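K.L.:
Have a look at the structure that comes next, please.
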Amino acid sequence: MDPLRQSPSPGSSRPSSPRTPPCEMFDYVGIEAVLDQLKIKAMKMGFEFNIMVVGQSGLGKSTMVNTLFKSKVWKSNIPNLGTPTPQTLKLHSVTHIIEEKGVKLKLTVTDTPGFGDQINNDKCWDPILGYINEQYERYLQEEILITRQRHIPDTRVHCCVYFVPPTGHCLRPLDIEFLQRLCRAVNVVPVIARADSLTIEERETFRQRIQHNLRSHCIEVYPQKSLDEDTNDRILNSKIRDRIPFAVVGADREHLVNGKCVLGRKTKWGIIEVENMAHCEFPLLRDLLIRSHLQDLKDITHNVHYENYRVCRLNESHLLPQGPGWVNLAPTPAGRLATPQSSKVCQQAQDDAKDEAY
Amino acid sequence: MAATDIARQVGEGCRTVPLAGHVGFDSLPDQLVNKSVSQGFCFNILCVGETGLGKSTLMDTLFNTKFEGEPATHTQPGVQLRSNTYDLQESNVGLKLTIVSTVGFGDQINKEDSYKPIVEFIDAQFEAYLQEELKIRRVLHTYHDSRIHACLYFIAPTGHSLKSLDLVTMKKLDSKVNIIPIIAKSDAISKSELTKFKIKITSELVSNGVQIYQFPTDDESVAEINGTMNAHLPFAVIGSTEELKIGNKMMKARQYPWGTVQVENEAHCDFVKLREMLIRVNMDDLREQTHSRHYELYRRCKLEEMGFKDTDPDSKPFSLQETYEAKRNEFLGELQKKEEEMRQMFVQRVKEKEAELKEAEKELHEKFDRLKKLHQDEKKKLEDKKKSLDDEVNAFKQRKTAAELLQSQGSQAGGSQTLKRDKEKKNFF
C-alpha cells in the first residue's frame, strides 16, 4: 500500500519545487497571521547573541562593547602598573540580559586579554580557535543526543570583532595570520580601533590598503561575498563591503555639545562625537551588528560555519579511527581541546599540518 | 602552545543590565520575520476520513481555492494516501501547502489494517527528515519539510458515538501527529443532538486515552481564545464552495428546500473557529509541536532501536557518533571477513578447476603418445614385410637370370650338358 505521491518526494532537498502549481485564492484566508505568531514566539523565547572582541590590549575593546550596547557590559579594566602582563592568553566571557521594548537579548561578550601582547606571538590564535570550536563542539554534542532539549542553548560565537591598531600603514603579519585562520571558522568584522589618531585622509588610505591586503590574502570577512543570496543582498552588502573596515572610536562618557548630551571623547582640541558620522563610523558598525544584520550573523554561523565544522568533525571520525588524529568523541573537558583544533577546519588542514610537524 | 583558560562569569544566572540609550535591537523580531518570509513557510495537512465525508470540499473552503482532484470511488481495495502540494501566496507571505488525503478509508469489509498505511506514511516523512538530519553534508535550512503538521480527523455525523474504526485509528495516530477531530457534514445533525454528540465524543476519547491536540494556553495573548476553543472541540464543520446570494452579499452556503446553511455563520457551524485555530492563530504552534514533540519521539525511538544509547552501563558517557562509529567498524570488519571468505572460495575453485584441466591435458598427451607409438610399430612391421618381400623378389630374379643363363649354355653344349643340366636340375630342385 504505497502512498500515491503526485508531488516530488520529500527526501530530495531542494529550495523550492518548480513543479508545484501556484494556486489563486479568491478571498482572504489569513496565512500572513503566521508572521505575528512567529513574532510572539520569538519575543517570548528571547534572543541570544554571542560576540567576541579580539585585539591587543589598550585598543579600547571593552569601551567599544560598552558603547555598542550602551551599558556597563564590561568593566573596562585599566591594568595597574604593578600587575605583570598575563603570560598566557585567557578568554573572559560575560553574559548579560538586556531588554529593549519587550525584546530580551541574552548577550555574551568574550574578551581576549593578552592577545598579541607577548614577545613571541606564535600560535596565539590557537586558544581563540579552540574556544570557538569548543562552542561548536558543545552544540554538536547536544544536537546528537538521543533525548535532546527543546531549545539547545546557543553559545557559538556569532561574530568576532577584530581590532586593527591604527598604524596607518597596512595589516601586520599577525593580523593577516589571525584573520586568515579565523574567517573560515567564524564571521569576522575587522575595525580600525582608536581611529581618532588618524585624519580622514589617512583613514581612507589605511582602509584601501587593508582592503587590498584582505583581497590579496583571500580573507573573506563578513558580509561574505560568496554568501549573498540575491541581488538585493548583494547591493546592500557591497555598500557595506566598501566601508569595511570601519574606523571606530569608543566612548562611554557623555559630554555636552551644543546643548545636547552625546557620547564622546574629550580632548584639548575638541570633542569627538561617537555617534556623529562625520567623526567616526561607529554608527555603521552598530547598525551592521545590531540593527540590520544580527539575525543574518546568527544564521550564517548556524548554516555555514557550524555545518562546516560538523562536516569536518564527522568526516574525521571516519578517516582516522584510533589514528594519531583520533579525537575522543565523548564530551571532553574544556582545555583539553588545544591539540586537534587546527585540523578542524578543513581547508587549513594542510598548512596547519605543516605547522604541527615542526 | 599557550594553554587555554576560559573563565566564564555568569554570576548567578545572568544579571540584567540597564540600557542607557536606544541600542536598536528591538528590530530583532522584524529581522527574524523578514528572514522567514524570504525563506517561505510550509504546512502539511493530513485529512483522514471515510470516503464521501467532504474532505476535499473542506480543504477548498478553508483555503478559498479550488484544488484539483477527482472524487474517489468506494471500490478501493485498500487504503491509499494521495498527496498534493500547492504554492499559495498572500500579500508577501508564500506558503507551500501539502494536503494529504486518505483514499478508500473505511470502504473495505475488513478494516483491521486500515490505519497501517497512514501510520507508515507519517513515519516515512519523519524518516526522510531524520535521514537528512543525520547526513554529513546536509542542507537543513532549505530542506522541504514534509512532516505532517496537523491531522484533521473527519468523524461521520451519526449522532451517536465514535465508530470503533475511528477510535482505533486515532489511538494509533495520537503519538505521531497533532490530531484535530472534526465532525463532518454537520448540517445533518440538529443543534441539540450536536451538543450531546460532542460530549459523547470527548468522553469516549478521554476514556480511551486518545490525546488530541490541545490549543496552547500558556501565552497570554492567545490563552483566552485558545481556552474557549478547546471547549468547542470537536468542531462541527460544513464545507461548501458554492456561493449564494444571501441578503445582499455573496456567501458560501448550501441550499436546501427548507433553508440555507451558511458556512461562515458561527451560529450554523464551527467552520470559522476551525479556520481561526488552524491557520490564523496556531499554525506555527502546530509546526513547533510536530518538530519538538512528535519528531523527537520518533527520533528517539528510531535511534534507540538502532542500538544507540546516551549512557553506557559502565556510566561512561557515550555519544551517538561513537556508537555509530563502533557499529560502522564492526560492519566494515564483517564485510571484510566476508570478502576474504569469498576470495578464498574463489581461489579454491580456481585451483580445483586448474587441476582438473591439467589432468585432462595429461591424459590427452598420453593418448597421443600411445597412438603415435602404435603407428610407428605398424609402420615398422610394414617396412619389414616390404623388405622381406623385396628380398624374395630379388632372389627370384636372380634365380630366373641364372636359369636362363644355364638354358642358353645348355642349348650350345648339346647333350653333355643335359646330364649336367639334369644334375643341376636335380640340384636345382
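K.L.:
Quick one: order B:200, B:380 from most to least accessible surface, probe 1.4 Å.
P.N.:
Details: B:200 85, B:380 130 Å².
Sorted descending by solvent-accessible area, the residues read B:380, B:200.
K.L.:
If you don't mind, another one. For the A and B pair, go ahead and give the buried accessible area with a 1.4 Å probe, both sides summed, in Å² to 100. Walk me through the numbers on the way to the answer.
P.N.:
Numbers: alone 21810 and 30110 Å², together 42100 Å².
Accessible area lost upon association: around 9800 Å².
K.L.:
Calculate, for segment A:229-269, the solvent-accessible area per residue in square angstrom, rolling a 1.4 angstrom probe over the heavy atoms of the protein chains.
P.N.:
Each residue of segment A:229-269 exposes 72 Å² on average to a 1.4 Å probe.
K.L.:
Mind checking the alpha-carbon convex hull of chain B and giving the volume per residue in Å³?
P.N.:
In chain B, the Cα hull volume divided by residue count equals 534 Å³.
K.L.:
Let me ask you something else. In degrees from 0 to 90, rounded to the nearest 10, what is the angle of the helix B:164-173 Cα long axis to the longest principal axis of chain B?
P.N.:
80 degrees
K.L.:
For segment B:26-77, what class follows from the C-alpha gyration tensor (a ≥ b ≥ c being the square roots of its eigenvalues): rounded when a/c is under 1.5, otherwise prolate if a/b is larger than b/c, else oblate? Don't skip to the end; give the middle numbers.
P.N.:
Values: a/c = 3.96, a/b = 3.35, b/c = 1.18.
Prolate, since a/c reaches 1.5 and a/b exceeds b/c.
K.L.:
When the solvent-accessible surface of protein heavy atoms is calculated with a 1.4 angstrom probe, in what order do B:367, B:198 fall, highest first?
P.N.:
On the way: B:367 115, B:198 35 Å².
Per-residue accessible area, sorted high to low, gives B:367, B:198.
K.L.:
Residues of chain B: accessible area per residue at 1.4 Å, in Å²? If you can, show how the numbers build up before the last one.
P.N.:
Numbers: 25180 Å² over 429 residues.
Accessible area per residue: 59 Å².
K.L.:
Any idea what angle helix B:28-39 forms with the longest principal axis of chain B, computed on alpha-carbon atoms, 0 to 90 degrees, nearest 10?
P.N.:
Compared with the principal axis, the helix lies near 40 degrees.
K.L.:
How much accessible surface does residue B:306 have with a 1.4 Å probe, in Å² rounded to 10?
P.N.:
Residue B:306 exposes around 90 Å² with every protein chain in place.
K.L.:
For A:71, A:216, write out the residues from largest to smallest accessible area, computed with a 1.4 angstrom probe and no ligands counted. Can you show the working numbers first?
P.N.:
Details: A:71 10, A:216 70 Å².
Listed by decreasing accessible area, they come as A:216, A:71.
K.L.:
Angle, helix B:191-207 long axis vs. longest principal axis of chain B, Cα atoms, 0 to 90°, nearest 10?
P.N.:
Roughly 50 degrees, rounded to the nearest 10.
K.L.:
Cα gyration tensor of segment B:64-147, axes a ≥ b ≥ c as square roots of the eigenvalues: rounded (a/c below 1.5), prolate (a/b > b/c) or oblate? Before the final figure, lay out each step's value.
P.N.:
Numbers: a/c = 4.13, a/b = 1.34, b/c = 3.08.
Here segment B:64-147 falls in the oblate category.
K.L.:
While we're here: Placing unit charges on C-beta atoms (Lys and Arg positive, Asp and Glu negative, everything else neutral), compute the dipole magnitude of segment A:177-263 about its Cα centre in debye, rounded to 20. If you can, show how the numbers build up before the last one.
P.N.:
Details: 14 positive and 13 negative charges, 28 e Å.
Dipole size: approximately 140 debye.
K.L.:
A follow-up question, please. Give the accessible area for residue B:243 in Å² (nearest 10); use a 1.4 Å probe, count only protein heavy atoms, and leave out ligands, DNA and RNA.
P.N.:
Around 100 Å² of this residue is reachable by solvent.
K.L.:
Follow-up. Would you work out the charge dipole size for segment A:210-249 about its Cα centre, treating the Cβ of every Lys and Arg as +1 and the Cβ of every Asp and Glu as -1, and quote it to the nearest 20 debye? Could you put the intermediate results ahead of the total?
P.N.:
Values: 6 positive and 6 negative charges, 46 e Å.
For segment A:210-249, the charge dipole is close to 220 debye.
K.L.:
List the lysines whose Cα sits under 21 Å from the Cα of residue B:380, skipping any in the same chain fewer than 8 residues away.
P.N.:
Answer for residue B:380, where 21 Å is the Cα cut-off: B:367, B:372, listed by chain and number.
K.L.:
How about residue B:362: which aspartates and glutamates have a C-alpha closer than 17 Å to its C-alpha, ignoring those fewer than 8 places off in the same chain?
P.N.:
Correct list for residue B:362: B:352, B:354.
K.L.:
Around residue B:235, which amide H atoms from residues at least 5 apart in sequence, or from another chain, sit under 5 Å from its own amide H, with H modelled in the peptide plane?
P.N.:
Here B:183 satisfy the definition.
K.L.:
Counting other Cβ atoms within 10 Å, which trypsin sites (Lys or Arg not before Pro) in segment A:103-161 have at most 14 and lie in a DSSP loop?
P.N.:
Answer by residue number: A:150.
K.L.:
Add +1 for every Lys or Arg and -1 for every Asp or Glu among the other residues with Cβ under 14 Å from the Cβ of residue A:297, and state the total. Please list the in-between numbers first.
P.N.:
On the way: positive: A:156, A:286, A:291, A:298, B:35; negative: A:48, A:154, A:233, A:287, A:296, A:299.
The answer is -1.
K.L.:
Let me ask something else about it. Which of rounded, prolate, oblate describes segment B:178-242, given a ≥ b ≥ c as roots of the alpha-carbon gyration tensor eigenvalues and a/c under 1.5 marking rounded, otherwise prolate only if a/b is larger than b/c?
P.N.:
Details: a/c = 1.97, a/b = 1.32, b/c = 1.49.
Oblate.
K.L.:
Got a number for the accessible area of residue B:293? Probe 1.4 Å, square angstrom, nearest 10.
P.N.:
The value for residue B:293 is about 110 Å².
K.L.:
Sticking with this structure for a sec: Of the heavy-atom accessible surface of chain B (probe 1.4 angstrom), what whole percent is carbon and sulfur? Intermediate values should be presented prior to the final figure.
P.N.:
Numbers: 13440 of 25180 Å².
Carbon and sulfur atoms account for 53 percent of the accessible area of chain B.
K.L.:
Hey, another quick one. Helix-only estimate, please: 222 nm mean residue ellipticity of chain B, summing -39500 (n - 2.57) across DSSP H runs of length 4 or more and dividing by its residues, to the nearest 500.
P.N.:
-16500 deg cm²/dmol
K.L.:
Where nothing but the Cβ of Lys and Arg (+1) and of Asp and Glu (-1) is charged, how large is the charge dipole of segment B:79-187 around its Cα centre, in debye to the nearest 20? Present the calculation step by step, with values, prior to reporting the outcome.
P.N.:
Working: 13 positive and 14 negative charges, 26 e Å.
So the magnitude is around 120 debye.
K.L.:
Using Cα positions and a limit of under 17 Å, work out the aspartates and glutamates in reach of residue B:338, with same-chain residues fewer than 8 apart set aside.
P.N.:
Qualifying aspartates and glutamates at Cα under 17 Å: B:330.
K.L.:
Around residue A:247, which amide H atoms from residues at least 5 apart in sequence, or from another chain, sit under 5 Å from its own amide H, with H modelled in the peptide plane?
P.N.:
For residue A:247, the qualifying residues are A:192, A:281.
The values are calculated or read from the model by the stated rules, or taken from the named source; none is laboratory data. Model, not experiment: these values are computed from the prediction. Reconstructed Cβ throughout: ideal geometry from the backbone, glycine too, with neighbour counts over all protein chains shown. Remember, those area values only see protein heavy atoms, side chains included, never the ligands or the DNA or RNA. Shrake-Rupley method; radii C 1.70, N 1.55, O 1.52, S 1.80 Å.
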